[in-house]
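The values are calculated or read from the model by the stated rules, or taken from the named source; none is laboratory data. This one's a predicted model, so the numbers in the text were calculated from it and none came from an experiment. Cβ placement follows ideal geometry from the backbone for every residue including glycine, while neighbour counts extend to all protein chains displayed. Surface accessibility is based on the protein's heavy atoms, side chains included, excluding ligands, DNA and RNA. Shrake-Rupley method; radii C 1.70, N 1.55, O 1.52, S 1.80 Å.
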Amino acid sequence: MEKKVLGIIGGVGPLATMLLGESIVRRTKAFSDQEHMHFIIDNDTRIPDRTAYILDHSKPNPLPVMVEDANKLADAGADMIVIPCNTAHNFYDDLQSNSKVPVLHMIRETAKKARQLNANRVGVLATIGTLTSNLYQEALMDEGIEPIIPDEVMQKDIMTVIYDYVKAGKKITSAQWQPIEAAMKNAGCDHIILGCTELSVVNRELSLDDSYIDALIVLADCAITSCGYELLD
């Protein structure tokens, strides 16, 4: 397969963007600089908050900036685009229709990964924007999987982790995370999707167990294989 150049629309958030880049490098089967993927990162922190706009359309719309970035990356040589933000996939159809090159769909790929793992009842930890958009619920049901979302109290805790800790550059402890995990497992979830790339940062810091499906890692693997590279064994 011909090698393709990957474009990453970043800044959503910045730390998750860097984690995606690192994950691609670490998970690619390569033994020299020249065997690694060529990818271009546009760490565009101008992109307005996705959840804020989904909940209130009077807020700035992130779509025009994402479209601008996608085509900027294409003009720079990218053959394919990814965006390491689950909530941004609420705008996927419009982004893809206005992009000069294909855009991978992180949420659909994550739901496919859940099916490959024979998941039946999957908890979804994500922003209010992602859950309000039913992105994961629909993708999982399309794969024959029952989605389980947090209750209102737990969702507030998750948003605190995302915005007040990870986006603010603060680390969360295992003790702070444990009640969230316990609640999802008590709800009968056999797997839990980390459906926000800030939660992928939590995974990196806490080394969560194999019951978690990290959407950012799924995106990294899909980007590697879609661009014609092999995954590290």
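Put simply, when 166-175, 119-128 are sorted by average Cβ atoms within 10 angstrom per residue, most first, you get 119-128, 166-175. Distances between every pair of Cα atoms in the chain, grouped in 10 Å steps from 0 to the bin holding the largest one, split as 8, 34, 38, 18, 2 percent. Accessible surface of the chain, 1.4 Å probe: 49 percent of it comes from carbon and sulfur atoms. Using a cutoff of 8 angstrom between alpha carbon atoms and counting only pairs six or more residues apart, the relative contact order for the chain works out to 27 percent. Here is how the number arises for the chain: DSSP H runs of 4 or more residues each give -39500 (n - 2.57), the sum is divided by the residue count, and the result at 222 nm is -13500 deg cm²/dmol.
Pairs exceeding a 24 Å alpha-carbon distance, out of Lys29/Lys112; Lys3/Lys29; Lys59/Lys156; Lys112/Lys185; Lys113/Lys185; Lys4/Lys59: Lys4/Lys59. The loop-placed chymotrypsin sites (Phe, Trp or Tyr not before Pro) in the stretch 1-55, going by DSSP, that have at most 16 neighbouring Cβ atoms within 10 Å of their Cβ come out as Phe31. Among the GluC sites (Glu not before Pro) within the stretch 1-106, those in coil by DSSP and having at most 11 neighbouring Cβ atoms inside 10 Å are Glu2. Direction-averaged projected area, Cα convex hull, the stretch 23-65: 4.4 nm², rounded to one decimal.
Indicate, rounded to the nearest 5 percent, the antiparallel portion of the DSSP beta bridges found entirely in the stretch 1-142.
0
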